[in-house]
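Below is one structure, written out as structure tokens, with a few remarks after it.
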Amino acid sequence: MHEFIWNTVVAYLSLFFVLSASLYVYTKDKSFKYYTLYNFTLILYVLSRHEINYRYFINNVLSPFFDHKNAIYFFKFLNWYIQIIFYNFYFIFSIYFLDLDKVIPKITNRIIKLLMTLLLFFTILFVTTFYSENYALFFALFQFLYLPTVLILFIYLLPKALKHSGKHKYFFLTGLIFYIIFALIGFYLTVYHSNNNYGVIIYFLIGILIENFCFVFGLAYKVKLVNEENQKTKAAILFEKQNREIAKLEALIDGEENERKRIAQELHDGLNGDLSAIKYKLSSMEESGLSAIDTENLTKVIKMIDDSCAQVRSISHNLMPSSILDYGLIESIKEYCVKINTSNNFKIEFQIFGDYITLSKKNETIIYRIIQELVTNILKHAKATESLIQFNYREDELFITVEDNGIGFDKNTIYKGIGHKNIKTRIDFLNAQLDVESSSAGTSYTISIDLNKVK
């Protein structure tokens, strides 16, 4: 029965050794590195406490180097020295696992240096006391220096862990407290009841099993917390990236709108004014006694100038539609459709469903530009006779459909044109989605806008 329990514990610890080593390779987290080292030295310690291993080590491994008496002394020294090593590794692992190195880095660095100093001290002490055959000194310093120091450090860090560490601390600290209690019981039995080796080690093993059991739950909870933190970090990075992209798009769109406004102003105040002045000069020539033919030609020229002025005004209005500022998006699109219907051999219809939701003038201008670009493409390339613009408001979403009965096009070529790039820029700024369906029977553009993202 003893053999079964011992082998089960060794197998259990070996499983945790492989688990912690795998976690370290995968995450490169320092806590798993020290937990791997702790499990490795702990396995060595447990194996050394087995009677068969003890005898084999004394009679076969150490016999070429020491006589029987010194071999027993060396094994005793080594047994306590291994405990110092795995306690050190476990303490450092606890610091990193509870994230104390992040919240109180100066303190934890000093504690780690102190533990490594103690390890170096006991390494030197191990060699010197063994060769001087002063086992009592080594054990006394372990009992009255090392163990109290580790317990004091634990008591010192416990409130800081409770204050600063994540919720995984409750699982881990519960296991750690049981581990310390059963380890102290095992230590007491080792000192005062050393004749019952199995009874001594069984308490120590119970503490280890409870600690590992709680560590698993603590690890699972920490992984959950780390994943949540990573998701928050990724979301923050994505949000910042999106904000930068939106800022770039906004600057691009603002620059384009300012340029449109400048050109529209120059057309209206400059070219249109010049055409009006030319018309005035030509009109004054009617009183100069021109022949009937010259008068007729002059009348035609003046009419051409009037037509040019009308075109300039139309271009200027399309570049900077004042109706959006005055009347809003819906009225601007209605006015735009009326102008197209009266100036082309082409019929366009505008429909609206649902309750109209007012957006900022900038966003309404962007939507107007998208529709304007789509309709311009239809007029230039689709060879269509009819088109439909449809607004469909559904709660917090706006679906815009622009359809025509033209010849369609290859969707693979849509991404090459400047017009589409302008549309895509504005679609991206609105955080919207564009879906295109095209065939020989016509083309349909569907724009899906989440109004919560553009208000």
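Laid out as a table, the results:
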| item | result |
| --- | --- |
| Fully extended contour minus Cα-Cα distance, from Ala11 to Lys224, at 0.36 nm per residue | 73.9 nm |
| Extension gain (nm, one decimal) between Asp355 and Ser444, 0.36 nm per residue minus Cα-Cα | 29.7 nm |
| Accessible-area order (highest first, 1.4 angstrom probe) of the listed residues Thr342, Thr123, Thr129 | Thr342, Thr123, Thr129 |
| Theoretical FRET efficiency, 1/(1+(r/R0)^6), r = Cβ-Cβ of Ile155 and Thr401, R0 51 Å, to 0.05 | 0.10 |
| Under 5 Å, built H, 5+ apart or other chain: amide partners of Phe409 | Ser439 |
| Estimated FRET transfer efficiency (Ser22, Ile330; beta-carbon r; R0 60 Å; 0.05) | 0.45 |
| Computed over the range 345-409: relative contact order in percent, which uses C-alpha pairs under 8 Å that are six or more apart | 40 percent |
| Spatial extent of the range 338-455: Rg and Dmax, with the Cα atoms as the point set, Å | 14.0, 39 |
| q = 0.13, 0.14, 0.17 Å⁻¹, the range 1-92: log10 I(q)/I(0) [Debye, one scatterer per Cα] | -0.53, -0.60, -0.80 |
| Rounded FRET efficiency, nearest 0.05, which uses the C-beta distance separating Val103 from Ser63 and R0 of 51 Å | 0.50 |
| Inter-site label distance for Lys163 and Glu437 at 7 Å from Cα along Cβ, in nm | 6.4 nm |
| Ranked order, Met116, Met304 - accessible area, probe 1.4 Å, largest first | Met304, Met116 |
| Out-of-range pairs (alpha-carbon distance over 32 Å; input Lys224/Lys362; Lys33/Lys167; Lys234/Lys362; Lys106/Lys167; Lys334/Lys383) | Lys224/Lys362 |
| Computed lengthening from Lys380 to Asn345, 0.36 nm per intervening residue step minus Cα-Cα distance | 11.3 nm |
| Estimated vicinal HN-Hα couplings, Hz - the range 436-441 in sequence order (Karplus 6.51, -1.76, 1.60; Gly, Pro = x) | 10, 10, 9, 8, 5, 8 |
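The values are calculated or read from the model by the stated rules, or taken from the named source; none is laboratory data. Worth saying up front: this structure is predicted, and the values here are computed from it rather than measured. Because the Cβ atoms are built from the backbone with ideal geometry, glycine has one as well, and the counts that use them run over all protein chains shown. We work out accessible area using only protein heavy atoms, side chains counted, and drop any ligands, DNA or RNA first. Shrake-Rupley method; radii C 1.70, N 1.55, O 1.52, S 1.80 Å.
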